[in-house]
Amino acid sequence: MRDGNIRPGAPDDMCSPDRRDNGCMALEESVDLKLDHHNKDGIEIVDVEGEIDVYTAPRLRELLIDLVNNGHYQLVVNMEKVEFLDSTGLGVLVGGLKRVRAHDGSLDLVCTQERILKIFRITGLTKVFGIHDTVDDAISARKSEK
């Protein structure tokens, strides 16, 4: 059903991949997450771009687990290019924090986008995560705590 009209013989799934011309987005188009990581001053920086949601969050979870399993316990997740974050994404970040803390490590965030920061404020996670304006600020804050 679209715009209140039912067309005889119309498929139930108006957002199927073969119906992209109707304004719907196919699932594979909406699942957009780019992950990268590099080491800077002994801290592993995870660059995240796109949407962290129920579909993409498992990829971020796997990367964080791999980093911890490979001995990286000081992490900074750069979320400056994150366009969307849902509760699954929050859970992945909290899970990552628990993993690094089990090794006396840290997981800090870089985020200045108000729509994303609001999620952390509403959930009270601003008291749990170090949230910084830049990667360099996050590194400096971490180094000053040592």
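In table form, for the structure just shown:
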{"read-out": "All positions within the range 113-131 that are in a helix (DSSP H, G or I) and closer than 13 Å to V82 by Cα", "value": "E114, R115, I116, L117, I119"}
{"read-out": "Subset of the range 92-124 (residues that are of a type in the set (G, A, S) and more than 17 Å from L35 (Cβ to Cβ))", "value": "A102, G105, S106, G124"}
{"read-out": "Qualifying residue in the range 50-64 (condition: more than 22 Å from I139 (Cβ to Cβ), free of Cβ contacts under 8 Å to residues at least 12 places away in the same chain and of a type in the set (S, T, N, Q))", "value": "no"}
{"read-out": "Residue among D66, D21, D53 that is of a type in the set (D, E, K, R), modelled with pLDDT of 95 or more and more than 25 Å from D133 (Cβ to Cβ)", "value": "D66"}
{"read-out": "Flag if D104 is modelled with pLDDT of 50 or more, among the acidic types (D, E) and either over 18 Å from the mean Cα position of the chain (by Cα) or not in a strand (DSSP E or B) (or both)", "value": "yes"}
{"read-out": "Residue in the range 73-91 that is assigned to a helix (DSSP H, G or I), over 21 Å from K34 (Cα atoms) and either in contact with a helix residue (DSSP H, G or I) (Cβ under 7 Å, 6 or more places away or on another chain) or free of Cβ contacts under 8 Å to residues at least 60 places away in the same chain (or both) present", "value": "no"}
{"read-out": "Residues satisfying the stated conditions in the range 33-58, i.e. small (G, A, S) and either crowded, with 18+ Cβ neighbours inside 10 Å or assigned to a helix (DSSP H, G or I) (or both)", "value": "A57"}
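For every residue, the table says whether it meets (1) surrounded by 15 or more Cβ atoms within 10 Å (Cβ to Cβ); (2) at pLDDT below 95; (3) within 14 Å of the chain's Cα centre (by Cα).
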| position | (1), (2), (3) |
| --- | --- |
| L60 | yes, no, yes |
| G71 | no, no, no |
| Q74 | yes, no, no |
| D86 | yes, no, yes |
| V100 | yes, no, no |
| V110 | yes, no, yes |
| T134 | no, no, no |
| A138 | yes, no, no |
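The values are calculated or read from the model by the stated rules, or taken from the named source; none is laboratory data. Just so you know, these numbers come straight off a predicted model, no measurement behind them. In this analysis, Cβ positions are derived from the backbone assuming ideal geometry, glycine residues included, and neighbour counts consider all displayed protein chains.
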